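Report on the structure given below.
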Amino acid sequence: MSLVIDEQVAGDGATVLVVAGEVDMSTVQPLRTAIVQVLDRGAPELVVDLDAVTFLDSTGISVLVLGRRTATGTGARYRVVNARDMVARVLEVTGVRDFLTEADGARAEAPYPQSPPADGAEPVEQ
C-alpha cells in the first residue's frame, strides 16, 4: 500500500501533516522529507495526524521521534495525534506515545475532532 501525505494549515496556524496508509520501510521516506521540510521552513508548530494510518513499523516510529527531536532543536511545537487501534498500541508498547503526543510538557489533545473509523470500531484514546 502507498502512503499519502496531505499538508494543511489549521485555523490556529499549525502545519498539519495528514498521513494515510501504511508507514513502513518502503514508504517512510516521503514522511521524513515532509517533516524535515516543514520544520526547515520555520513552522512554529507541526502536528502529524495519524488518523488514517493503518500500519506503523519501527522505521515509522524512528521518523516520528526524529521529527520530535528536530522540532525541539528548532523551538517548534510538535505532536502526533489521532493514532488509532494497532498504531496507537504500537506507540504505547514501544514507550514513545507520551513523548510524541505531549506538547510543551502537557498532554496534547487533538485540535481536530476525531472522525469515527470507517469500519465502525471505536477510536483508541490517546
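Table for the structure above
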quantity: Matching residues, segment 21-51, being over 15 Å from Arg68 (Cβ atoms), without any contact (Cβ under 8 Å) to a residue 40 or more places away in the chain and in a strand (DSSP E or B); calculated: Gly21, Glu22
quantity: Residue match in segment 9-18 (condition: within 12 Å of the chain's Cα centre (by Cα) and among the charged types (D, E, K, R)); calculated: no
quantity: Hits in segment 37-54 - residues which are surrounded by fewer than 19 Cβ atoms within 10 Å (Cβ to Cβ) and more than 12 Å from Ala76 (Cβ to Cβ); calculated: Gln37, Asp51, Ala52, Thr54
quantity: Thr94 vs. criteria out of contact with any Pro (no Cβ under 7 Å at 6 or more places or on another chain), modelled with pLDDT under 95, β-branched (Val, Ile, Thr) and closer than 20 Å to Glu7 by Cα; calculated: no
quantity: Conditions (1) at pLDDT below 95; (2) under 20 Å from Val9 (Cβ atoms); (3) under 11 Å from the mean Cα position of the chain (by Cα): number failed by Thr74; calculated: (3)
quantity: Residue in segment 10-20 that is assigned to a helix (DSSP H, G or I) and in contact (Cβ under 8 Å) with a residue 12 or more places away in the chain present; calculated: no
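The values are calculated or read from the model by the stated rules, or taken from the named source; none is laboratory data. Because the structure is predicted, anything quoted here is derived from the model rather than measured. Note that each Cβ is placed from the backbone with ideal geometry, even for glycine, and that neighbours are counted across all protein chains shown.
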